[in-house]
Amino acid sequence: MFRITCLLLICATCLRPGTSQEARSSSEIYEALEKLKVLGSVLYVAAHPDDENTRLITHLSRGMHLRTAYVSLTRGDGGQNLIGEELDEFLGAIRTQELQQARRIDGGIQYFSLANDFGYSKNDAETFRIWPRDSVMADLIRVVRTFKPDVIINRFDHRTSGRTHGHHTASAILGREAFLYCNSPLHQRELLKGTAPHLVQRLFFNTSYFFYGKERFDTMDKSHLYRLDVGDFYPLRGQSNNEIAARSRSMHKSQGFGINSSRGSSMEYFERLDAGKEAGHAGPFDGLDFSWNRINGGGTVSKVIEEVIAHFDFTQPWMSIPLLQRAEQYMEDLPDHDWKQIKLGEIRSIILDCAGIYTEAHVGMPIVSPGSRLEVHTECIARNPVRVTLKKIALPAFSYDTAFDLLLESNVAHFWKRPFKLDHEASLTAPFWLLNGRPDGYYPVATRDQRLLPELPRELYANLELELSGKMYSVRRDIVFKTDDPVLGEVKEPLDVLPPAVVVSEDPLYLANKGLVDCKVRIRANCEGCSVEVRFKLPEGMRSQPERQVLQFERAGEEQVLHFSLGGIPGNPERLELPVLIDETQAYFLKSIKYPHIQQQRVLTPAMLRVITSEIRTTKKRIAYIEGAGDYTDDALRKMGYEVHAFSADKLETISNKDFDVLLLGIRAFNTQEALKNGKNHFERFVSKGGKIIVQYNTTADLVTRDFAPAALTIGRGRVADERAAVRVIAPDHPVLHSPNVIRSSDFENWIQERGLYFPSEYAPAYEEILGMSDPGENELRSGLLVLRHGKGAFVYTSLAWFRQLRAGVPGAYRLFSNLVSF
Ligand SMILES: [Zn+2]
């Protein structure tokens, strides 16, 4: 009897965007053989996508052949997006993929916690007010106990609270605690169920000049630090470590972190945190055993691997198979050890690559849902002169398997296909952490075991069992969507499993008018010839006309728009969230995200209709709007009933007082619109003649001009990151707080993420300060809303985070923004 060994070929290093399933070249196989010799692992800990030191990760993984992982506590939802309009959870989905791509290049493995990147925080205390500390801690320990590193390296210093983003310091504090507690069986037993204690041998802080300043760091005494030159050159790749690292780092495209490559020696420094520096040790891993001697009897395996390497023939890699299979047998005979299974996985994968085996499973459609009919095609070929027999193809999702005893003729492909119907509830493939919504601090996810992975393993896959020289190998291939594109050539994308029908594209935010809302819901089918019933889950006393609607769909991809009139909307609370139900279960909103550098994402979030129920007064104003980096303020004004005309920045001169009362500039307009460079004269004229200009926040870097306001104003870096920070009214009688809406303290409740950013640091006394606010323990900032009366008009500079509040439907923000336009 053969023993079936399962090879899970789903590791980060095997897949590229579009889920490539290619075998490795001889140099890649050789590199894998070198890695087979090394039994050591390192976990790098930080807070965000882009915090990680890709030079170091590349060196550890590609140079030292250590198993190397990066755990980013968050998925980076809170940042800004330089390549598109996605923000918040959708940006987190992009950055999750960017990290995966980076790891495919540098050879690392990616982990996360379920902590949410809720936005900027000034220190760890503020971070831990929002993150549930025990849960994030338990996630990190779970990563440690799963990955089992010998060494943990923190990116940030746990002792310098307030000197960097609070998430950064928090990651360092938690990294240190994980080191201390991961080996104690009693620590957080409930939260850590299913894991076993693990002893980590060393803990470091990966220090750098950017914690000190370049000059100071270059000249300071570093004798207490360990050092590692990460500037290796890899002849097998024809590349320097830092060239690979630069490509990895440049995957953070949504943050604009593309960087130049560099070559040559490059030093990294480490402070040992769990003990003093050991005499005679220069590098952080000196004195640690990363060899096969770690396993009883491992020496024999090591000898055979050395022999394989010594005799490896780059033109005939299959000649190594007999020796490799001997090493495999020795490994199988070793006693149980964490490294045994890891190395068995590696060596089996090498054997298949030496045989030139290629397998794939694909279908001709990108999306399926329960009830879908699909034809699965497989291809299996051994391209080198080896005797391989196909024994079985299994598709567990369809409870199907079929036996073969087919000797594969060398370099002749075997194709097999069969139709299936997906008639059970296959798990949705959308980013799992978003399916239950996105609270401030921590994603609500039920499946604890896999929740620290970038994405869940797909349920639709094929298992091909192959016999090679008397041993059995099982290859798992995700079923992908495969097509050809006239420009791109062969395209392979993940096959997504979605619900039969989803909500798409319509803006879900409405303002109620006298207790009434007419709303639209757009439904897209993922099913063929099916019908679904749609309704809202309404609170007591509200009614919907019609109450429910049934839709018939002929084919997948079809969309239909439903109209509902909602009545009896109460004025209190000021905002309602009404779940959309499809067939009596919570419906999902579908957002597709597609960029060339990442795998396509179909993100599902709970579909809600959001209704602002409180009264928002307006006056009749004609508004010209020039977009900056993209915000929601123009949409919000239209919802309130204002007339808004969008202009491109180069049409500034055509915006006249005759046609418009207000000129509104989008966020970062002076950072992104070159054409505004010489706009000052026009602004001045517009205001003098009685117009009003409203400028939203701009950053200090890359301004097309610093001289745009009618009176001196310098943009600063002050921010109020606490969205609950108290707001003090400085100018209680100012009309902006009274007309047409009377602004009350309650209007500053339920703001999200932050109050404001890049507050002006200096400004002429002529500006009236309206509101004061500050983060806990800091000096009050009085420049979140500045009004300058000039000529017959007014110039308003406001660094409050309108783009966030208006999109989220914060009622008080709507009232105050209406006043900015109308007062
Ligand atoms: Zn960061």
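The values are calculated or read from the model by the stated rules, or taken from the named source; none is laboratory data. Values in this document were obtained by computation on a predicted structure and should not be read as measured data. Because the Cβ atoms are built from the backbone with ideal geometry, glycine has one as well, and the counts that use them run over all protein chains shown. Surface accessibility is based on the protein's heavy atoms, side chains included, excluding ligands, DNA and RNA. Shrake-Rupley method; radii C 1.70, N 1.55, O 1.52, S 1.80 Å.
Scanning region 19-55 for residues that are within 16 Å of the ligand (Cβ to nearest atom) and on the phi > 0 side of the Ramachandran plot yields one hit, Asp50.
Looking only at region 215-245, count every residue that is open to solvent by 10 Å² or more (accessible area, probe 1.4 Å) and of a type in the set (A, V, I, L, M) and tell me the total. Adding up the residues that qualify gives 3. Checked against the criteria, Leu192 counts as away from the ligand (no atom under 15 Å from the Cβ), in contact with a helix residue (DSSP H, G or I) (Cβ under 8 Å, 6 or more places away or on another chain), open to solvent by less than 10 Å² (accessible area, probe 1.4 Å) and not basic (Lys, Arg). Before we move on, is Glu85 surrounded by fewer than 22 Cβ atoms within 10 Å (Cβ to Cβ) and either within 30 Å of Lys591 (Cα to Cα) or within 14 Å of the ligand (Cβ to nearest atom) (or both)? Against the criterion (surrounded by fewer than 22 Cβ atoms within 10 Å (Cβ to Cβ) and either within 30 Å of Lys591 (Cα to Cα) or within 14 Å of the ligand (Cβ to nearest atom) (or both)), Glu85 qualifies.
Being touching a residue at least 60 places away in the same chain (Cβ under 8 Å), farther than 25 Å from Glu85 by Cα, in a strand (DSSP E or B) and not aliphatic (A, V, I, L, M) is true of Arg476.
Among the residues of region 456-468, the ones that are modelled with pLDDT under 95 and in contact with a strand residue (DSSP E or B) (Cβ under 9 Å, 6 or more places away or on another chain) come to 3 in all.
Is it the case that Tyr120 is farther than 30 Å from Leu39 by Cα, touching a strand residue (DSSP E or B) at 6+ places or on another chain (Cβ under 8 Å) and open to solvent by 10 Å² or more (accessible area, probe 1.4 Å)? So Tyr120 passes the test. For region 167-198: of the residues being part of a loop (DSSP other than H, G, I, E, B) and of a type in the set (A, V, I, L, M, F, W, C), which is nearest to Arg133 (Cα to Cα)? In this case the residue turns out to be Leu191. Among residues of region 628-644 that are over 24 Å from Ala675 (Cα atoms), those with a Cβ under 7 angstrom from a residue that is in a helix (DSSP H, G or I) and of a type in the set (Gly, Ala, Ser), sequence gap 6+ or separate chain, pair up as Met640/Ser818.
Residues in region 205-214 that are over 28 Å from the mean Cα position of the chain (by Cα) and open to solvent by 100 Å² or more (accessible area, probe 1.4 Å): Lys214 only. Output yes when any residue across region 154-163 is open to solvent by 20 Å² or more (accessible area, probe 1.4 Å), within 16 Å of the ligand (Cβ to nearest atom), within 20 Å of the chain's Cα centre (by Cα) and modelled with pLDDT under 95, and no when none is. Looking through region 154-163, none of the residues is open to solvent by 20 Å² or more (accessible area, probe 1.4 Å), within 16 Å of the ligand (Cβ to nearest atom), within 20 Å of the chain's Cα centre (by Cα) and modelled with pLDDT under 95. Out of region 676-695, which residues are touching a strand residue (DSSP E or B) at 6+ places or on another chain (Cβ under 8 Å) and either open to solvent by 10 Å² or more (accessible area, probe 1.4 Å) or closer than 22 Å to Lys620 by Cα (or both)? Residues satisfying the conditions are Phe683, Glu684, Phe686, Val687, Ser688, Lys689, Gly690, Gly691, Lys692, Ile693, Ile694, Val695.
Against the list (1) open to solvent by 40 Å² or more (accessible area, probe 1.4 Å); (2) of a type in the set (Lys, Arg); (3) farther than 25 Å from Asn123 by Cβ, the condition Arg202 fails is (1).
For Gln753, the criteria (1) farther than 30 Å from Asn678 by Cβ; (2) assigned to a loop (DSSP other than H, G, I, E, B); (3) at pLDDT 95 or above hold in every case but one, which is (3). Restricting Arg142, Arg104 to those that are away from the ligand (no atom under 16 Å from the Cβ) and over 19 Å from Phe179 (Cα atoms) reduces the list to Arg104. You will find that of Ile342, Ile259, the residue that is aliphatic (A, V, I, L, M), under 30 Å from Ala93 (Cα atoms), outside any loop (DSSP other than H, G, I, E, B) and open to solvent by 30 Å² or more (accessible area, probe 1.4 Å) is Ile342 and no other. In region 591-645, what residues are open to solvent by 40 Å² or more (accessible area, probe 1.4 Å), in a strand (DSSP E or B) and among the hydroxyl-bearing types (Ser, Thr, Tyr)? Within region 591-645, Ser592 is the sole residue that qualifies. Scanning region 56-74 for residues that are within 12 Å of the ligand (Cβ to nearest atom) and assigned to a loop (DSSP other than H, G, I, E, B) yields Leu73, Thr74.
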